[in-house]
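In what follows, a structure is listed as structure tokens, so that the remarks can point back to it.
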Amino acid sequence: MSVMPRAALVDQPVAVTVQGLPAGARTTLTARAKNTDGNAWSATAQFTATSAGAVSLDRPSVGGSYTGVNPMGLFTLLAPPPDSAPDWFLYPEAGYDVKLEASVGGRVVATATIKRQGPTAVGVTEKELRPTKGGIYGNLYLPKRTTGRRPAVLVFSGSDGGLTTSMAAALLAARGYPSLALAYFKAPGLPQTLTNIPLEYFTSALRVLRAQPGVDPDHVLVAGVSRGGEAALLLGAHFPQLVNGVVAGVPSSVVNPGLPDTTRAAWTLGGRPLPAVSPSEFGQPNPPGKAQAVIPVERIGGPVLLACGEQDLVWPSCAYVDAITARLRARRFAHPVTALRYRDAGHLIGGLTAWYGSLTDDALTSFGGTVAGTQAAQADAHAKLLALLASQ
């Protein structure tokens with residue numbers, strides 16, 4: 001069994017090939033990995049050996065956990081054991097091992113172990129930033145070493161609040177891009193609800209990130225998902241001098257009210273609430289008479305990357321993305337725009353990171369999409385994000 005590379009970041013694909021098999025032999029490949037709780041998740045794929053006696057993961061699977069071509073299916077479609085019920089495959093920050101077996105007729109004929117490395121394994125450093133006298137709450141991640149100045153990313157989540165984007169930011173740093181994972185509510189020293197959040201709070205974080213060694217201050221992007229995608233678009237529109245590009249996963253094209261109290265504003269600018277749609281107008285990309293609530297995305301001063309899932313059960317992210325791109329076209333937006341639309345994904349695509357971990361159908365109950373569709377969308381959106389950063 002040949003594996004290339006045997007050690008790779010969790011967001012990097014690997015190639016697996018088995019040679020020396022009987023021609024035409026039905027061969028089963030099995031992957032096993034333990035999560036942080038010590039439970040062994042597993043997946044299988046069945047292949048027909050070529051006339052040369054070889055099978056590889058880039059060939060169509062004819063049975064097992066998936067069928068068809070899915071080169072990383074053994075890694076993304078791991079399932080928990082029957083007697084456990086976790087929704088997500090969670091792993092330590094340093095990474096985890098995946099044990100592979102190839103068997104023919106029930107007999108194991110080849111084995112290999114792959115190391116899926118977390119950001120700390122490749123030298124990414126973390127610095128905790130905690131609010132004192134109006135400071136920010138986040139984690140700063142810097143690459144082990146960089147050549148020259150690199151683009152940087154401010155990463156934040158949506159209505160779940162708290163500091164939940166640390167792995168996304170750390171993985172970007174592992175790829176050489178300094179990143180800051182930011183909480184903006186539901187964290188110590190911050191508001192506990194999505195209510196009256198000053199957009200200026202984010203600009204404080206942007207200034208911290210821009211001041212880091214190795215950061216190109218002319219290529220600092222913001223990346224958010226869901227309500228964070230809404231915030232990312234607002235930041236790009238209102239602070240083009242600080243934001244050089246926007247990544248918005250499953251975003252809204254309009255400003256939405258606060259949560260859980262929808263009678264209050266979610267965001268403020270200059271101490272004043274930003275106009276928002278009403279709860280009865282939820283899900284409308286361009287509600288009549290609410291032009292002030294539509295985000296003026298044409299003011300963004302750099303490239304825009306958008307992603308949506310057609311099976312989104314949280315809100316109509318693809319209708320929002322369509323409205324955003326239509327507005328940009330109508331106003332002859334001068335910068336590159338990429339809109340990613342995924343047929344079998346829902347609200348969990350995000351576009352910020354592809355961890356090549358696994359999840360179950362239960363994890364998607366409230367979000368929509370299929371497991372395979374969600375995993376494929378996340379991997380593709382993550383690749384597009386890395387390509388965007390590389391182009392800066």
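The values are calculated or read from the model by the stated rules, or taken from the named source; none is laboratory data. Given the structure is predicted, the values throughout are model-derived calculations rather than measurements. Using ideal geometry, Cβ is built from the backbone for each residue, glycine included, and neighbour counts are taken over all protein chains shown. Remember, those area values only see protein heavy atoms, side chains included, never the ligands or the DNA or RNA. Shrake-Rupley method; radii C 1.70, N 1.55, O 1.52, S 1.80 Å.
This table checks each residue for (1) without any contact (Cβ under 8 Å) to a residue 12 or more places away in the chain; (2) open to solvent by 30 Å² or more (accessible area, probe 1.4 Å); (3) out of contact with any Phe, Trp or Tyr (no Cβ under 8 Å at 6 or more places or on another chain); (4) not charged (D, E, K, R).
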{"position": "Gly73", "(1), (2), (3), (4)": "no, no, no, yes"}
{"position": "Leu77", "(1), (2), (3), (4)": "no, no, no, yes"}
{"position": "Gly95", "(1), (2), (3), (4)": "no, no, yes, yes"}
{"position": "Lys99", "(1), (2), (3), (4)": "no, yes, yes, no"}
{"position": "Ala112", "(1), (2), (3), (4)": "no, no, yes, yes"}
{"position": "Gly118", "(1), (2), (3), (4)": "no, no, no, yes"}
{"position": "Val122", "(1), (2), (3), (4)": "no, yes, yes, yes"}
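Which pairs do you get when a residue that is within 15 Å of Lys99 (Cβ to Cβ) and free of Cβ contacts under 8 Å to residues at least 40 places away in the same chain, found in segment 39-52, comes within reach of a residue that is surrounded by fewer than 15 Cβ atoms within 10 Å (Cβ to Cβ) and of a type in the set (Ser, Thr, Tyr), reach meaning Cβ atoms under 9 angstrom, with the pair 6+ apart or on two chains?
If the second residue must be surrounded by fewer than 15 Cβ atoms within 10 Å (Cβ to Cβ) and of a type in the set (Ser, Thr, Tyr), the pairs left are Ala45/Thr67.
Within segment 285-304, take every residue that is under 29 Å from Leu388 (Cβ atoms) and assigned to a loop (DSSP other than H, G, I, E, B) and give me the one that is farthest from the chain's Cα centre (by Cα).
Restricting to residues being under 29 Å from Leu388 (Cβ atoms) and assigned to a loop (DSSP other than H, G, I, E, B), the top hit is Asn286.
Do you know which residues across segment 238-284 are within 30 Å of Lys384 (Cα to Cα), assigned to a loop (DSSP other than H, G, I, E, B) and touching a strand residue (DSSP E or B) at 6+ places or on another chain (Cβ under 6 Å)?
Val243, Asn244, Gly245, Val250, Ala266
Is it the case, given these coordinates, that Lys133 is under 30 Å from Leu209 (Cβ atoms), over 26 Å from the mean Cα position of the chain (by Cα) and open to solvent by 50 Å² or more (accessible area, probe 1.4 Å)?
yes
From the list Gly20, Gly38, exactly one residue is among the small types (Gly, Ala, Ser) and open to solvent by less than 50 Å² (accessible area, probe 1.4 Å). Which is it?
The conditions single out Gly38.
In segment 170-217, how many are aromatic (Phe, Trp, Tyr), assigned to a loop (DSSP other than H, G, I, E, B) and either open to solvent by 10 Å² or more (accessible area, probe 1.4 Å) or in contact (Cβ under 8 Å) with a residue 40 or more places away in the chain (or both)?
Looking only at that region, the number is 2.
Mind checking which residues of segment 23-35 are in a loop (DSSP other than H, G, I, E, B) and surrounded by 20 or more Cβ atoms within 10 Å (Cβ to Cβ)?
Hit for segment 23-35 is Asn35, nothing else.
For segment 50-59, check the following and say yes or no: at least one residue is assigned to a strand (DSSP E or B) and more than 15 Å from Gly357 (Cα to Cα).
yes
Out of the residues in segment 134-182 that are among the β-branched types (Val, Ile, Thr) and modelled with pLDDT of 95 or more, state the one that is nearest to Ala205 (Cα to Cα).
Among those that are among the β-branched types (Val, Ile, Thr) and modelled with pLDDT of 95 or more, it is Ile136.
Looking at (1) out of contact with any Ser or Thr (no Cβ under 7 Å at 6 or more places or on another chain); (2) within 25 Å of Ser317 (Cβ to Cβ); (3) among the aliphatic types (A, V, I, L, M), can you tell me which one Val155 breaks?
(1)
Does segment 53-63 hold any residues that are under 27 Å from the mean Cα position of the chain (by Cα) and touching a residue at least 40 places away in the same chain (Cβ under 8 Å), and which are they? Spell out how you get there, then give the answer.
Going residue by residue through segment 53-63, those that are under 27 Å from the mean Cα position of the chain (by Cα) are 57-61.
Of everything in segment 53-63, those that are under 27 Å from the mean Cα position of the chain (by Cα) and touching a residue at least 40 places away in the same chain (Cβ under 8 Å) turn out to be Leu57, Asp58.
Of the residues Ala377, Ala345, which single one is within 30 Å of Pro80 (Cβ to Cβ), of a type in the set (A, V, I, L, M, F, W, C), crowded, with 19+ Cβ neighbours inside 10 Å and free of Cβ contacts under 8 Å to residues at least 40 places away in the same chain?
One residue alone meets the criteria, Ala345.
For every residue, the table says whether it meets (1) more than 20 Å from Ile197 (Cα to Cα); (2) open to solvent by 70 Å² or more (accessible area, probe 1.4 Å); (3) small (Gly, Ala, Ser).
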| site | (1), (2), (3) |
| --- | --- |
| Pro273 | no, yes, no |
| Val277 | no, no, no |
| Gly283 | yes, no, yes |
| Lys290 | yes, no, no |
| Gly301 | yes, no, yes |
| Gly309 | yes, no, yes |
| Val314 | yes, no, no |
| Ala319 | yes, no, yes |
